[in-house]
1. Hey, if you put +1 on the Cβ of every Lys and Arg and -1 on every Asp and Glu Cβ in the chain, which of Val154, Phe76, Asn31 ends up farthest toward the positive end of that dipole?
2. Could you give the dipole magnitude of the range 106-246 about its Cα centre, charging the beta-carbon of Lys and Arg +1 and that of Asp and Glu -1, in debye to the nearest 20?
3. Would you kindly state how much longer the chain becomes between Asn143 and Ser27 on full extension, computed as 0.36 nm times their sequence separation minus their alpha carbon distance, in nm to one decimal?
4. About its Cα centre, what dipole magnitude does the chain give when the only charges are +1 on Lys and Arg Cβ and -1 on Asp and Glu Cβ, stated in debye to the nearest 20?
5. Step by step: find N for the range 79-191, compute 2.2 N^0.38 Å, then divide the Cα radius of gyration by it. What's the final number?
6. Over the Cα atoms of the range 15-244, what is the Rg over Rh ratio if Rh follows Kirkwood?
7. Pull up the cross-link candidates among the aspartates and glutamates for Lys9, meaning alpha carbon to alpha carbon under 16 Å and not fewer than 8 places away within one chain.
8. Filter the trypsin sites (Lys or Arg not before Pro) in the range 171-246 down to the DSSP loop ones having no more than 15 other Cβ atoms within 10 Å, then list what survives.
Amino acid sequence: MAEVLIQQKIDVGQKMLAILIDPDKMSFDNNAPVWHLLDRHCPDVLLVGGSLLTAGDVHQTVTWLKNRFDIPLWLFPGNYQHLTDAADAVLLLSLVSGRNPDFLIGQHIAAAPLIRRLNLTAIPTAYMLIDGGAPTTVSYISNTQPIPANKSDVAVATAMAAELLGMKMVYLEAGSGAINPVPPAMIAAVRHSVRLPLIVGGGIRSASVLASAYAAGADIAVIGTAWERNPSIIADMIAVRDKHNC
């Protein structure tokens with residue numbers, strides 16, 4: 001159902017904004033200003049997860065957020081242990097840009113019985129790391145090399161292969177805290193080559209970068225580090241989203 005609802009928005013050209021929440025950095029203070037900002041400036045999706053979780057509790061985080069907000073919540077798991085039936089869906093990420101079998105299929109084998117047991121909606125997602133100008137946690141943890149930012153042809157071929165393999169979404173990721181976002185030219189090239197919903201994240205630190213990502217063809221843009229450092233940026237980001245949906 002989560003996938004269907006998002007697809008319906010995409011079919012009518014609606015742009016969406018997702019906020020990535022790291023359980024390691026989660027505040028459970030209901031009166032914290034950050035949560036009141038989300039009350040006033042509502043994103044389309046909340047993503048919970050990250051490449052490296054050390055102390056955060058995914059289930060506790062998801063449960064608290066679901067009780068606090070009426071916003072679709074998807075898991076963004078770093079491994080098969082980051083699953084909970086409290087979420088609406090899980091992005092079943094296959095790191096198709098890399099050559100590490102654990103993140104191509106290994107983690108999925110471990111996760112599949114649990115996903116079935118939890119009756120959790122899984123959205124098969126082609127996860128593609130793009131060079132954001134600095135080493136990232138996800139590239140380190142996954143032991144994979146990102147696609148060079150100037151190699152749109154490689155990104156296109158990878159996304160096309162993912163579509164032919166039956167993936168339901170493509171996620172172009174420059175990495176948490178990336179210096180450079182995914183280049184608009186690459187976003188546009190991938191957008192013109194596949195019919196799948198296109199998610200773009202990493203390095204989106206300003207309204208102008210977000211606007212460029214939408215203009216290039218991103219259906220869903222993800223902000224994480226910028227929002228963690230300056231929660232009030234959500235107002236500017238929502239304004240850009242709404243402007244593109246006018």
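Bear in mind that the values in this text are calculations on the coordinates, not laboratory data. The model shown is predicted, which means the values in this text are computed figures rather than measured ones. Glycine also receives a Cβ, built like all others from the backbone with ideal geometry; neighbour counts cover every protein chain displayed.
1. Of the options given, the answer is Val154.
2. 260
3. Numbers: separation 116, 0.36 × 116 = 41.76 nm, distance 3.03 nm.
Here the answer is 38.7 nm.
4. With Lys and Arg at +1 and Asp and Glu at -1, about 260 debye.
5. Values: Rg = 14.3 Å, N = 113, 2.2 N^0.38 = 13.3 Å.
Compactness ratio reported: 1.08.
6. 0.94
7. Partners within reach: Asp44, Asp219, Asp242.
8. Arg195
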